[in-house]
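Step one of this worksheet: look at the structure below.
The values are calculated or read from the model by the stated rules, or taken from the named source; none is laboratory data. What you are looking at is a predicted structure, and each value in this text was computed from that prediction instead of being measured. FYI the Cβ positions are ideal-geometry reconstructions off the backbone, even for glycines, and counts take in every protein chain you see.
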Amino acid sequence: MASSAVQSENATRQLQAGDTSSGTCYRVRTTPVNPIMNDLVIQAEDLGKRYRIGERERYLALRDLVARAASAPARLFARRKSSSSNEPHTNGDRSYIWALKEASLDIRQGEVVGLIGSNGAGKTTLLKILSRITKPTTGRAEIHGRVGSLLEVGTGFHPELTGRENIYLSGAILGMSKREITRKFDEIVAFAEIEKFINTPVKHYSSGMYVRLAFSVAAHLEPEILFVDEVLAVGDASFQKKCLGKMGQVSREGRTILFVSHNMTAVRALCSRAILMKDGVVASSGAVADIVDEYLLSTAHEGSVREWRDPSVAPGNEHVRMSYIRIISPEGTPVIDIDSGAQIEIGFENFRKNVHLSVKVRVTNSDGVVLFVSNCFINSDSNSRCGFYQVKGKIPGHLLNAGRYFVDLSVCKDQRWVLLQLDGVVSFEVANTATGRGATMGVAPGVIRPLLSWSHSFEEVSSSSTNLSCGISHVRL
Amino acid sequence: MSFTTNSTWRRDGPAIGTTITPQKGWLDLNLNLRELWDYRELLYFFVWRDLKVRYKQTAIGAAWAILQPFLTMLVFSLFFGRLAHIPSNGLPHSVFYYSALLPWVYFAGALQNATNTMVENQRVITKVYFPRLLLPAAAVTSGLADFAFGFVVFIGMLLYYRIAPGPAILLLPFFLLLAVLTALGVGLWLSALNAIYRDVRYVVPFLIQFWMFASPVAYPSNLVPERWRGLYGLNPMAGVIEGFRWSLTGHGQPPNILFAASTVMVLLLLAGGVAYFQKMEGTIADVV
């Protein structure tokens, strides 16, 4: 069988490369149900994609060609003159970027793999190459199985057509046969909850209805390999939850999924393995928990720690001069999540004697809502001294919801006069956790995310007239 | 085209491998007919969509399919026939012009629609894979519906003028196929070019206008000197239109050197179009 040959060849390759870490990681995590489960369904080697800068934003007009042709002799001359300069990504007057470089990956049947990384890391490019939307510049990949790609919600929808017509059209474009669509039609309509509007052109739909219908079509795809790109970012919270549930169900059916998402909770819950991409390369690959942590670690510290080693550039004035401000986890790591809470550390130099010094911190969320203001009164009896002050504060766990927060800092005198004010001096990210969310995933709505202490009791009420017994439950806080 | 190993994504068959490799040069061509066949249902849906959408929110709907060639026919009869006295091979002017306008209007519309397919379907092209060839193919196929409406009118005209087409009418599907292939061949070139150079979309109306005067729509091809006929026939639409006139009315030129030249030209155009289109297909999602 060709596949087993491929597999053994791959095993040799892994051994030769000495790449045991990623190899064993998922081999342990995947439990083979039958021998086919060990088949490699996606094998990519050294995939690379080069774009000309601006190529995707702007189309070429003939006049550009004319202009390029006209300037060709001058360019030739210029190149000869500057041939000693050694810029890797420039070629004449065109500049190129590698959106993807030397990406190699192996995915087995039934694996659900999360593809994570910050914006521009090459996740979507990789997905587009694997789903054959565009060809790679280098490398090769082999895919075994029927592929479905879900890179946007509503692929192929036409606004003039009715809901019914769009189900067929979009379904066909996504790869369903007409018979298959007819068979699942009622299910699709029911999932989208748009029975009443099925014969209305979708241009008259509300955006919520449109998204529900579009996702419903996509959710009923049954490919062997599914590529999903952040399509869950649309729709209201309850629908998102429904979609995640549907995806979880799909993954349990033994289908192979490559899932791009920025929702780490969803990635953790759905995927068995994750691949971290960074600047167009596959940075690491392994068990989902490790890779998600690695990703959070690499992004969390962005902007959450500021240290001014050189006093001449540190913000300050004749009263005080900043030295550092850090928002870190209580253990000192940069990853802050809902459970851990955060620690604020501030260091500054004080030049004012005999005043009441206080430090005020204001925390704002990304919607601009002020969550709280907190003061640290340093010298309550007007006895400040010249020198270096260090202040530490703790934001408790189970207070801030997941999200990005911005910190305004001010140093005050006598609780009234502002000596130094720095707005938005640092920001930090609180990562989501599943605590108190049960089986549901995603970020819970709400500005804060407290962990309430619930208790419950139960007493049985038996009825003599019937054999039924029911109970009264008391739930209290 | 490099997605060649076996077939892929057989909708109801066993899963077979797909190999993804970079775009090679011009010579790396391998039209995957098996894959196109597997996607025939999607071709049907694209045609169906074109037809559904074409006359939505129009007051008279599909009547446009009839009005366009019919009104053009009236204008031609008046100016070229009555005023300029251009010979019409002994046919009534209206029949003479309409029999040429039938394939011509189809060709012009199909070419225009095929050219715009890549740009109009940009969103789909950048989000999901299917053989891009289906889009121009659907555009030239859906134009046949309008052709059918126009043809019904032509039958009425034949009855009115009591013209009985001879057995030559059995060759009509062949001439129609030639028109479809011409529209597809040129449409493949232009749609791929239009994805990169949007100028193409402004060029096409002029191209169609000039092309019409280079085709025997408003005049019979026997006005062209005998020794130039072969060269004239390099315009594939010359062969198509002469063929239409001859097979529908029995008047005019039976297939000759002109027609042979047209047929060869269509095949060349189509082969070139497919080759160029396939070269562009792999990266069209990046530039469109």
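For segment A:204-218, filtering for residues that are in a helix (DSSP H, G or I) and farther than 15 Å from A:G156 by Cβ leaves 5.
Looking only at segment A:323-330, decide whether some residue is modelled with pLDDT under 90 and more than 30 Å from A:G114 (Cα to Cα). The answer is no; no qualifying residue exists.
Rundown of residues vs (1) closer than 27 Å to B:R82 by Cα; (2) crowded, with 18+ Cβ neighbours inside 10 Å; (3) more than 17 Å from the chain's Cα centre (by Cα), yes/no style:
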residue	(1), (2), (3)
B:T182	no, yes, no
B:R245	yes, yes, yes
B:P255	no, yes, yes
B:A271	no, no, no
B:I284	no, yes, yes
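When B:A271, B:A238, B:A218, B:A275 are screened for being small (G, A, S), part of a helix (DSSP H, G or I) and more than 30 Å from B:N32 (Cβ to Cβ), only B:A238 passes. Of all the residues in segment B:39-50, those that are surrounded by fewer than 16 Cβ atoms within 10 Å (Cβ to Cβ) and either more than 10 Å from every other protein chain (Cβ to nearest Cβ) or among the β-branched types (V, I, T) (or both) number 1. Restricting A:I198, A:I181 to those that are more than 22 Å from A:Q109 (Cα to Cα), in contact with a Phe, Trp or Tyr (Cβ under 6 Å, 6 or more places away or on another chain) and at pLDDT 90 or above reduces the list to A:I181.
Scanning segment A:394-417 for residues that are touching a strand residue (DSSP E or B) at 6+ places or on another chain (Cβ under 9 Å), among the charged types (D, E, K, R) and surrounded by fewer than 17 Cβ atoms within 10 Å (Cβ to Cβ) yields A:K394, A:R404, A:D414. For segment B:184-212, the candidate set comprises residues that are buried (at least 18 other Cβ atoms within 10 Å of the Cβ) and of a type in the set (S, T, N, Q); within that set, the residue that is nearest to B:N235 (Cα to Cα) is B:S191. Within segment A:367-383, being among the hydroxyl-bearing types (S, T, Y) and closer than 17 Å to A:Q421 by Cβ holds for one residue alone: A:S374.
Checked against the criterion of being within 14 Å of chain A (Cβ to nearest Cβ) and aromatic (F, W, Y), the candidates B:Y219, B:Y197, B:Y232 yield just one match: B:Y197.
Residues checked against (1) of a type outside the set (D, E); (2) over 24 Å from B:M118 (Cα atoms):
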position: B:A164; (1), (2): yes, yes
position: B:L170; (1), (2): yes, yes
position: B:P173; (1), (2): yes, yes
position: B:W189; (1), (2): yes, no
position: B:D199; (1), (2): no, no
position: B:L207; (1), (2): yes, no
position: B:T249; (1), (2): yes, yes
position: B:P254; (1), (2): yes, yes
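Within segment A:147-167, the set of residues being at the interface with chain B (Cβ under 7 Å from one of its Cβ atoms) and either crowded, with 23+ Cβ neighbours inside 10 Å or over 29 Å from the mean Cα position of the chain (by Cα) (or both) comprises A:V147, A:S149, A:G156, A:H158, A:E160, A:L161, A:E165. Among the residues of segment B:111-154, the ones that are more than 14 Å from chain A (Cβ to nearest Cβ) and over 22 Å from the mean Cα position of the chain (by Cα) come to 0 in all. In segment B:272-288, the residues that are at the interface with another protein chain (Cβ under 7 Å from one of its Cβ atoms) form Cβ pairs under 6 Å with partners that are hydroxyl-bearing (S, T, Y), at six or more places apart or across chains, as follows: B:T283/A:T134; B:A285/A:T134; B:A285/B:T126; B:D286/A:T134. For segment A:370-393, the candidate set comprises residues that are over 44 Å from the mean Cα position of the chain (by Cα) and of a type in the set (S, T, Y); within that set, the residue that is surrounded by the fewest Cβ atoms within 10 Å (Cβ to Cβ) is A:S380. Look at (1) touching a helix residue (DSSP H, G or I) at 6+ places or on another chain (Cβ under 8 Å); (2) within 14 Å of chain A (Cβ to nearest Cβ) and you find that B:L248 fails only one, number (2). Counted as qualifying within segment A:105-188 are the strands (runs of 3 or more DSSP E) with 2 or more residues that are closer than 25 Å to B:E281 by Cβ and not acidic (D, E), namely A:138-144, A:147-150.
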